[in-house]
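Chemist: After the structure tokens below, expect a handful of questions from me.
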Amino acid sequence: MSLFRQKVINSILTDRFGPVVAKVGTFLLQNETNPFLFIKRGTDLTVSLVKDSLCILIKYGLVTFKPNKNEKLANYSINSDNVLLMLRYPKYLHHIKKLFGDESEMIIEEILQRGYWTGSEVILKVNQRRPQIKSRSQPLSDIKENLCCLITAKYLQRVPYSVEDAAVPSLIMSEDCASDLNKIDIKLLISHQKDKSVQLSDQNIYWTVNFDRFHQDMRDEIVVKAFTKKFGENAGSIIKLFLRQMYIRTNPWAEVCNPVPALEIKDILKKQASQSLALAFFDQYLSTMEQDNSNLLRKAGEASGGSYQLYLKEAFTQFTWELVEHIVLEKHDSKAARIFRLVKSQPYIEPDQIQQLAMIPAKEAKRLSYRLYEDKFLHIQELKKASSNNGPVKNYTLFHIHLESVASMLLEMCYKTLYNHISRRHFEKQQSKRIIDKKHRVDTILMGMQAQGAAEEQLSDIEELLTPSEEEVLKKIDRVMKKLNIVELEVDDTIFMLNMYLIYVS
């Protein structure tokens, strides 16, 4: 594992769980499998602290364990990918809010905060968070219905669960899930609200978030946006339907989807009044996308009006090429980007050919080529050719691009950027720690006085404890934090794109 990836994971664990848990997590990163006593000796923590740390990490799905060879001891290992996913939680919540609404967002948020939870406890907690007027007017059954929708769409899954079930986003609820949900008794929940001693009916049935399902949606959104940008919104709507129908007949992470009949998509469009334009020019859109040089949508047969396949591996390979070209342009200049595109267009190319074909002065072309090589955007292949008279050996230098290596290098660069932003956020907070702590104390006092029904004059006197200069500093810190958070999410978008490519080519 790379150095900066380890640093990012350590920073995330420290922010979420504190330095003790982070110390155990960092130790697990450095060793693949670790027995309990080995972890205790390596971290120099007490037995109780190591136990508590492991329990927390296991609860949130960050650490797994399995028996060793003699099956008497457990070996612990950390799932670094799941730790990094904690940076993506705001995206998951926004996605659910957009699809299902505020209450579904609260359900996902509560489960993310706890790792896993029972359906009844989630419903009661979300009901507490409702505004009082809404809580009285709407029954608990509405929250249960939202919970059922999330489970049906596979955004939530039962613990324990099989890997096969998590991978298939079926829109049909299994019989087991249906029986589990039927155990949630609304009358019992109402009784539990009045008397906490009343036991809930689903105490041993826990639900957790299915991250894989969110990643499928994020991947599909990238593909739809690419087609929308190139061919228009109607083309994007058609591709969205192709992706939806793909799940019925194809493994969601397959490189190429099974053929989808065009008539099937057309029938769906007929039922959607808002897609009248896409339906009217359906054949033209399909023909245009099929004839495009990208070859992301290809015709697979003539049966049923023609059937089409989406090439997802090819799609993310092209997206990655475009991403790398954009990074080269931003990091260097347009001439370097021209050289990169020229090398990309040929399997191998000599330095003299770059100077001639790129139409850049020889000295500058050589400087830019080797600068790209130093930054690992280009790679060199040396060939040796012996002379006929046993003379000196002549070397030929050829430039080429190994996209998988470039993607891995950019991924490491993203982790470095991410760590720098997290460190900057910590620095900004530490610099203004006194004022931030004072703000928290004032807010706590205000909340306590409001709960006691204090007068407006008393509340205003408490608010004046913060001077105008301190309020200005707090506003500045807030602006800086928002910018850093936005940058972190944008860097995570790049990480997701590169990971998608590496998953498909591995």
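The values are calculated or read from the model by the stated rules, or taken from the named source; none is laboratory data. Since the structure is predicted, the reported quantities are computational estimates derived from the model, not experimental observations. Virtual Cβ from ideal backbone geometry, glycine too; neighbours counted across all protein chains shown. In case anyone asks, the SASA skips ligands and DNA or RNA and just uses the protein heavy atoms, side chains included. Shrake-Rupley method; radii C 1.70, N 1.55, O 1.52, S 1.80 Å.
Chemist: Residue by residue through the stretch 299-336, note down the ones that are of a type in the set (Gly, Ala, Ser) and not in a helix (DSSP H, G or I).
Modeler: Result: Ala300, Gly301, Gly306, Ser307.
Chemist: Which of the residues spanning the stretch 243-271 are open to solvent by less than 30 Å² (accessible area, probe 1.4 Å), touching a Phe, Trp or Tyr at 6+ places or on another chain (Cβ under 7 Å) and either among the basic types (Lys, Arg) or in contact (Cβ under 8 Å) with a residue 40 or more places away in the chain (or both)?
Modeler: Matches in the stretch 243-271: Val260, Ala262.
Chemist: Within the bounds of the stretch 333-351, is there any residue that is closer than 30 Å to Asn258 by Cβ and more than 29 Å from the chain's Cα centre (by Cα)?
Modeler: No, the stretch 333-351 has no match at all.
Chemist: Could you count how many residues in the stretch 394-404 are touching a residue at least 12 places away in the same chain (Cβ under 8 Å) and open to solvent by 50 Å² or more (accessible area, probe 1.4 Å)?
Modeler: First, pick out the residues of the stretch 394-404 that are touching a residue at least 12 places away in the same chain (Cβ under 8 Å): 395-404.
Within this subset, residues satisfying the condition of being open to solvent by 50 Å² or more (accessible area, probe 1.4 Å) are 395-396, 402, 404.
The number of residues fulfilling the criteria is 4.
Chemist: Among the numbered criteria (1) open to solvent by 50 Å² or more (accessible area, probe 1.4 Å); (2) in contact with a Leu (Cβ under 8 Å, 6 or more places away or on another chain), which one does Ile360 miss?
Modeler: Condition not satisfied by Ile360: (1).
Chemist: Search the stretch 73-115 for residues being in a loop (DSSP other than H, G, I, E, B) and within 26 Å of Val21 (Cβ to Cβ), and hand back the single one that is most open to solvent (accessible area, probe 1.4 Å).
Modeler: That would be Leu73.
Chemist: Please pick out the residue among Ile462, Ile495 that is surrounded by 15 or more Cβ atoms within 10 Å (Cβ to Cβ), in contact with a Leu (Cβ under 7 Å, 6 or more places away or on another chain) and free of Cβ contacts under 8 Å to residues at least 60 places away in the same chain.
Modeler: Working: Ile495 fails: free of Cβ contacts under 8 Å to residues at least 60 places away in the same chain.
Result of the check over Ile462, Ile495: Ile462.
Chemist: Identify all residues within the stretch 228-242 that are open to solvent by 10 Å² or more (accessible area, probe 1.4 Å) and on the phi < 0 side of the Ramachandran plot; write none if there are none.
Modeler: If the condition is that a residue be open to solvent by 10 Å² or more (accessible area, probe 1.4 Å) and on the phi < 0 side of the Ramachandran plot, then Thr228, Lys229, Lys230, Phe231, Glu233, Asn234, Ser237, Lys240 are the ones that fit.
A quick yes/no check of all residues on (1) open to solvent by less than 60 Å² (accessible area, probe 1.4 Å); (2) under 30 Å from Leu410 (Cα atoms); (3) without any contact (Cβ under 8 Å) to a residue 24 or more places away in the chain:
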residue: Arg5; (1), (2), (3): yes, yes, no
residue: Gly18; (1), (2), (3): yes, yes, yes
residue: Phe27; (1), (2), (3): yes, yes, yes
residue: Asn31; (1), (2), (3): yes, yes, yes
residue: Pro35; (1), (2), (3): yes, no, no
residue: Leu54; (1), (2), (3): yes, no, no
residue: Leu57; (1), (2), (3): yes, yes, no
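Chemist: Going by the conditions given, is Asn210 open to solvent by 30 Å² or more (accessible area, probe 1.4 Å) and within 31 Å of the chain's Cα centre (by Cα)?
Modeler: Details: open to solvent by 30 Å² or more (accessible area, probe 1.4 Å): no; within 31 Å of the chain's Cα centre (by Cα): yes.
No.
Chemist: Could you list all residues from the stretch 116-134 that are free of Cβ contacts under 8 Å to residues at least 12 places away in the same chain, assigned to a helix (DSSP H, G or I) and not β-branched (Val, Ile, Thr)?
Modeler: If the condition is that a residue be free of Cβ contacts under 8 Å to residues at least 12 places away in the same chain, assigned to a helix (DSSP H, G or I) and not β-branched (Val, Ile, Thr), then Gln128, Gln132, Lys134 are the ones that fit.
Chemist: Okay, moving on. For Ile339, are the conditions met, namely being open to solvent by less than 50 Å² (accessible area, probe 1.4 Å) and part of a helix (DSSP H, G or I)?
Modeler: Working: open to solvent by less than 50 Å² (accessible area, probe 1.4 Å): yes; part of a helix (DSSP H, G or I): yes.
When the stated conditions are applied, Ile339 passes them.
Chemist: How many of the residues in the stretch 1-49 are assigned to a helix (DSSP H, G or I) and over 19 Å from the mean Cα position of the chain (by Cα)?
Modeler: Residues that pass the stated criteria total 26.
Chemist: With the structure loaded, tell me whether Leu200 is touching a helix residue (DSSP H, G or I) at 6+ places or on another chain (Cβ under 6 Å), under 30 Å from Thr118 (Cα atoms) and assigned to a helix (DSSP H, G or I) or whether it fails that test.
Modeler: For Leu200, the condition - touching a helix residue (DSSP H, G or I) at 6+ places or on another chain (Cβ under 6 Å), under 30 Å from Thr118 (Cα atoms) and assigned to a helix (DSSP H, G or I) - is not met.
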